[in-house]
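The values are calculated or read from the model by the stated rules, or taken from the named source; none is laboratory data. Owing to the predicted nature of the structure, the values given are computational and were not obtained by experimental measurement. Glycine gets a Cβ as well: all are built from the backbone with ideal geometry, and neighbour counts include every protein chain shown. Just so you know, the surface numbers come from the protein's heavy atoms only, side chains and all, with ligands and any DNA or RNA stripped out. Shrake-Rupley method; radii C 1.70, N 1.55, O 1.52, S 1.80 Å.
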Amino acid sequence: MCVKAAETPTALSDMYQIYVTADENGQVGKTATLTLNMKNRNYISSWVCTLDLPEGVNYQSTTLLPNRYPDNYNASLLSTVNENGSVTIECSPGSLDDEEVPAIEGTDGAIAYVTVDIASSVAPGNYIVSVTNTTLVE
């Protein structure tokens, strides 16, 4: 059997990801903006993920990028701060009355900005914000 390069399976981790990058360098006692990015090969109707924040970095808010979502998406956004300081962010279409569920187009790029507050007790340095418990629904 011969497999063409175009038919070679893509690793699941390469097809669907949510990852975070820092748009601005944070300073202690200030806020910083993190960019939540989605890499998705197909259309996605909803997503959820948990951001594991370093100690002293506290969640403030999430703002969706309107140009990433279709006009009829009417996003329903729920952010829950967990006991361990992590934050779970869920996004889904707000109205499902349409026959066709609105979806985010398959691309690689920003989907939301996450604002965090950096306590003055945090020592300057490099810290990791990890993304866990990711679910993307086609």
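Scanning segment 116-130 for residues that are part of a strand (DSSP E or B) and open to solvent by 40 Å² or more (accessible area, probe 1.4 Å), which turns out farthest from residue 89 (Cα to Cα)?
That would be 117.
Would you pick out the residues in segment 10-56 that are modelled with pLDDT under 90, over 20 Å from residue 68 (Cβ atoms), part of a strand (DSSP E or B) and open to solvent by 20 Å² or more (accessible area, probe 1.4 Å)?
Within segment 10-56, 30, 31 qualify.
So which of 59, 113 ends up being in a strand (DSSP E or B) and over 24 Å from residue 43 (Cβ atoms)?
Just one listed residue meets the conditions, 59.
For residue 133, only one of the following conditions fails: (1) closer than 24 Å to residue 44 by Cα; (2) modelled with pLDDT of 85 or more; (3) open to solvent by less than 60 Å² (accessible area, probe 1.4 Å). What is its number?
(3)
Among the candidates 105, 138, 83, 100, which residue alone is open to solvent by 80 Å² or more (accessible area, probe 1.4 Å), without any contact (Cβ under 8 Å) to a residue 24 or more places away in the chain and under 15 Å from residue 44 (Cα atoms)?
None of the others qualify; the one that does is 100.
Just checking, how many residues over segment 66-80 are surrounded by 11 or more Cβ atoms within 10 Å (Cβ to Cβ) and at pLDDT below 85?
Residues of segment 66-80 that are surrounded by 11 or more Cβ atoms within 10 Å (Cβ to Cβ), as a first pass: 68-70, 72-80.
Still in the list and also at pLDDT below 85: 72.
Here the count works out to 1.
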